[in-house]
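Working notes, beginning with the structure itself.
The values are calculated or read from the model by the stated rules, or taken from the named source; none is laboratory data. Because the structure is predicted, anything quoted here is derived from the model rather than measured. Heads up, the Cβs are rebuilt from the backbone with ideal geometry, glycines too, and the neighbour counts pull from every protein chain shown. Heavy atoms of the whole protein, side chains included, go into the accessibility calculation; ligands, DNA and RNA do not. Shrake-Rupley method; radii C 1.70, N 1.55, O 1.52, S 1.80 Å.
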Amino acid sequence: MAASALSGSLLTSSSSSSSSPLAPRRSAVLPPVSVQFRPTFGAASKTAGRLVAARCSLGAAQDPKDDTPIELKYAAFPTVMDINQIRDILPHRFPFLLVDRVIEYNPGVSAVAIKNVTINDNFFPGHFPERPIMPGVLMIEAMAQVGGLVMLQPEVGGSRENFFFAGIDKVRFRKPVIAGDTLVMRMTLVKLQKRFGIAKMEGKAYVGGEVVCEGEFLMATGTGSE
């Protein structure tokens with residue numbers, strides 16, 4: 001009822017001002033109007049008597065961006081390296097290959113890759129049945145695999161037959177990662193000691209632009225003949 005009265009007052013004000021020869025011409029697009037009303041759906045309804053705020057903009061319909069379907073608004077991640085190319089570099093296989101796509105790649109320097117977290121991942125039935133959360137240790141493993149993509153290159157001298165995850169430090173888990181999330185992981189080479197076969201890397205993982213996990217990684221490298 002309050003919304004109808006407000007709409008009526010707006011129409012009345014508009015018509016009266018336009019009929020006056022001295023009234024200045026106003027833009028047809030009015031600023032957004034906030035309206036509060038109390039919907040009533042019967043005594044048994046739980047929402048009866050609650051205040052509902054509606055924000056209306058008379059110019060919203062004229063915005064062409066609002067006509068774009070949501071499935072067309074967001075571009076997909078680029079594919080710098082697909083799953084087949086990843087399998088050519090990493091020795092991991094199901095159910096322990098935790099990298100789906102590489103979206104940025106600087107061999108021997110850094111890589112950014114994604115892991116699509118789905119309810120079909122084999123760890124969710126036990127972690128946890130009522131609240132599926134990706135285990136933190138598997139986030140660390142996924143990030144280490146991205147580090148492997150950086151290190152297993154001729155520029156670095158890493159070997160697929162002799163490359164190991166050697167240690168972690170300063171690891172922090174900021175937010176839970178759940179089914180339906182896309183885990184975006186960046187791994188960067190900080191220091192390489194070829195003499196000792198040790199590489200230090202920094203890693204961060206994101207969901208929706210927010211850091212969910214970060215830490216420092218040690219990788220042991222070598223050659224296939226060692």
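Per-structure values
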| item | result |
| --- | --- |
| Search result, residues across region 83-132 that are open to solvent by 60 Å² or more (accessible area, probe 1.4 Å) and under 20 Å from the mean Cα position of the chain (by Cα) | Ile83, Arg101, Glu104, Asn116, Ile119, Asn120, Arg131 |
| Subset tally (residues that are more than 30 Å from Glu210 (Cβ to Cβ) and either modelled with pLDDT of 95 or more or of a type in the set (Phe, Trp, Tyr) (or both)) for region 156-174 | 2 |
| Long-range neighbours under 8 Å by Cβ, at least six apart or interchain, first residue within 19 Å of Met185 (Cβ to Cβ) within region 109-130, second in a loop (DSSP other than H, G, I, E, B) and open to solvent by 80 Å² or more (accessible area, probe 1.4 Å) | Ile114/Phe77 |
| Residue in region 94-107 that is at pLDDT below 50 and either assigned to a strand (DSSP E or B) or more than 24 Å from Tyr206 (Cβ to Cβ) (or both) present | no |
| Scope region 170-225; condition aromatic (Phe, Trp, Tyr) and open to solvent by less than 60 Å² (accessible area, probe 1.4 Å); matching residues | Phe217 |
